[in-house]
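One structure is given here, and the rest of the page talks about it.
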Amino acid sequence: MIAVFFRTVFIYIITITAMRLSGKRQIGELQITELVVTFMLSEIAVYPITDRTVPLIHAVIPIVSLLSLEVIFTFIQTKSPVFRKLFNGKPTVIISHGKLCPGELANNRLDISELMGELRLNGVFNINDVEYAILEENGKLSVLTKASESPLTPSQLDFPVDEHGLSHPIVVDGTLLPHSLAFVNRNNAWLDNFLSERSVELKNIFLMTIDDAGDIDLFVRDGDDKKNLVSREHIISKKRSSSR
């Protein structure tokens, strides 16, 4: 039993390492070659775990070989559009200028019910609202709605808006994230002064974020008990407040 446990842990670490080295797309946006490698890795990793007569090296060598092939093929695809098209195909226009292309639906073995379902997942509930629908290489559907059905944006209304950018978590569940603090050009002294002004202890902060505009969202527990409710305070940056 102990041997099986350690073999499982070893194969687990090797497989996770291989998946991580193959890139983050391996997780959510699989191309055909990546999908094949994923299936093969899962099969190869199981045998040494279930059969103790199989040496661990018989799993390590195929995993490393598959990873190497995937890296090589990915590199070649970035350099050769022909090779990329051969292995991964190309995007297919399913709806063009508001007109459905039945032939492309048939070529991709996609029926109208599946198309309607994909459109709903993209927030479109009427096929007549679609200007373009493109089936991407990874099987996902990209949708461009007609201009008359697209939501208005502040720029179209000449309405000025503040650009807040990304919110960066500084403190999560009472734990300071030093790299995030440095990324927003703050330091520990600034944080200590900020918390002191509000009589807040670091351990009581459920979440604290700073966006690119300098605005701060502070979520503080109402008590030391982690099950208590959390109160929110929004602090506008001094630079933005002075410009108003």
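The values are calculated or read from the model by the stated rules, or taken from the named source; none is laboratory data. It should be emphasised that the depicted structure is a prediction, and the values quoted were computed from it without experimental measurement. Here Cβ is always computed from backbone atoms with ideal geometry, including for glycine, and neighbour counts include all displayed protein chains.
Key figures for this structure:
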| item | result |
| --- | --- |
| Residue, farthest from PRO91 (Cα to Cα), within the range 129-144, restricted to residues that are under 24 Å from the mean Cα position of the chain (by Cα) and among the β-branched types (Val, Ile, Thr) | VAL143 |
| Qualifying position, being in contact with a helix residue (DSSP H, G or I) (Cβ under 8 Å, 6 or more places away or on another chain) and either assigned by TED's automatic domain parsing to the domain that holds VAL230 or modelled with pLDDT of 90 or more (or both), among LEU141, LEU121, LEU177 | LEU141 |
| Of the criteria (1) in a strand (DSSP E or B); (2) among the charged types (D, E, K, R); (3) assigned by TED's automatic domain parsing to the domain that holds VAL36, which one GLU70 fails | (1) |
| Breaking point among (1) under 30 Å from GLY214 (Cα atoms); (2) assigned to a loop (DSSP other than H, G, I, E, B), for PHE125 | (1) |
| Answer from LEU177, LEU207, LEU166 - the residue that is in contact (Cβ under 8 Å) with a residue 24 or more places away in the chain and in contact with a Pro (Cβ under 7 Å, 6 or more places away or on another chain) | LEU207 |
| Test for ALA133: is it farther than 17 Å from CYS101 by Cβ and either assigned by TED's automatic domain parsing to the domain that holds LEU110 or without any contact (Cβ under 8 Å) to a residue 40 or more places away in the chain (or both) | no |
| Residue within the range 133-141 that is more than 26 Å from VAL37 (Cβ to Cβ), assigned to a strand (DSSP E or B) and not acidic (Asp, Glu) present | yes |
| Residue satisfying condition, being of a type in the set (D, E, K, R), at pLDDT below 85 and on the phi < 0 side of the Ramachandran plot, within set LYS239, LYS203 | LYS239 |
| Filter result for ASP158 (out of contact with any strand residue (DSSP E or B) (no Cβ under 9 Å at 6 or more places or on another chain), in a loop (DSSP other than H, G, I, E, B) and in contact (Cβ under 8 Å) with a residue 60 or more places away in the chain) | no |
| Evaluation of PRO154 against (1) under 16 Å from HIS97 (Cα atoms); (2) touching a Pro at 6+ places or on another chain (Cβ under 8 Å) (one fails), failing number | (1) |
| So ASP192, is it loosely packed, with under 14 Cβ neighbours inside 10 Å and in a loop (DSSP other than H, G, I, E, B) | no |
| Residue in the range 221-228 that is closer than 24 Å to HIS179 by Cα and either at pLDDT 85 or above or under 29 Å from the mean Cα position of the chain (by Cα) (or both) present | yes |
| Residue check, THR38 surrounded by 12 or more Cβ atoms within 10 Å (Cβ to Cβ) and either in the same structural domain as ARG109 (by TED's automatic domain parsing) or closer than 30 Å to TYR132 by Cα (or both) | no |
| Among the candidates GLU114, GLU118, residue that is surrounded by 14 or more Cβ atoms within 10 Å (Cβ to Cβ), charged (D, E, K, R) and in a helix (DSSP H, G or I) | GLU118 |
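Each row is one residue, and each column tells you yes or no for (1) hydroxyl-bearing (Ser, Thr, Tyr); (2) surrounded by 14 or more Cβ atoms within 10 Å (Cβ to Cβ).
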site	(1), (2)
PRO160	no, no
GLU163	no, no
HIS168	no, yes
PRO178	no, no
SER199	yes, no
LYS203	no, no
